[in-house]
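Reviewing the structure listed below.
We did not get these values from a lab; they are worked out from the coordinates using the rules stated. Computed from a predicted model, the values in this text were never measured in an experiment. Cβ: placed from backbone, ideal geometry, glycine included. Neighbour counts: every protein chain shown.
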Amino acid sequence: MQSVYAPKLAWLQNDYDDIYDPDYNDMLRVSFMHMFTRGRLGRLVSLLSGRDFETRTYTEEIEAESFDKLSTGVMNFMNEYSFKNFVLAIRSAGFISPKLLRSKMTLDFCYTLFLILQRSGEVTKTDIKHYVQKWFVLSTLTSRYVGTPETQMDHDLREDAIQSSLDADLPESYDKEAFQSKITLLLNHFVDMAIQGYGWIANAA
């Protein structure tokens, strides 16, 4: 009997892009994080067992709901349109070679962010791409998900942690449009350096 996931994976046989080459653990992590908005993968085992973290009891309802959410998460992860557009966003930010990628955890989190924004239905496709690019660049430059990645991911998935981090070093009265413009110029600069083959991108390669 063929798995329900098999047809969703058929497109991969013709996919040769190596910018993001996730394994089973990456798929499980991203599927879990974007559906449950938690960063510690160990919590998944408890949820699939029906654990209610508030009452510290186990229920069949939570068990069933958790399996359904994880299954939906896996389907979202494997979606050809989503996956290819995420990879395109990373490439468009100037990261055109796997040698430039310091941490797969950073890719995992940014794909999680991509899927969360896409599911929300409140952000345009153009803005999703830009937000993901911005977060990927900043996370890469600061090694945000190196060291204790699950702790940082769990923090970032809570409420407005991502926006707060982006705004942390800016005054309350800062011009958001000007800031957005500067980030766009920075991303374009990375792309130019990658194309021309010099600067820190060339050295990283």
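A compact table of results
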read-out: In sequence order, calculated HN-Hα J values of the range 34-41 (Karplus, 6.51, -1.76, 1.60; Hz; x Gly/Pro); value: 7, 9, 10, 6, 10, x, 8, 4
read-out: Cβ-based exposure ranking for Val146, Val132, Val137, in which fewest neighbours within 10 Å come first; value: Val146, Val137, Val132
read-out: Surface/4 of the Cα convex hull for the range 66-157, nm²; value: 6.3
read-out: Summed side-chain charge close to Tyr20 - residues other than Tyr20 whose Cβ falls under 12 Å, Lys, Arg +1, Asp, Glu -1; value: -4
read-out: Cα gyration tensor, the range 1-121 - rounded (a/c under 1.5), prolate or oblate; value: prolate
read-out: Ranking of His34, His155 by count of other Cβ atoms within 10 Å, fewest first; value: His155, His34
read-out: Sequence of Ser71, Ser66 once ranked by neighbouring C-beta atoms within 10 Å, starting from the fewest; value: Ser71, Ser66
read-out: Hz values of 3J(HN,Hα) by residue in the range 62-72 - Karplus curve (6.51, -1.76, 1.60), Gly and Pro given as x; value: 5, 4, 5, 4, 5, 5, 5, 5, 5, 4, 5
read-out: Built amide H within the under 5 Å cut-off of Asp52, gap 5+; value: Thr57, Tyr58, Thr59
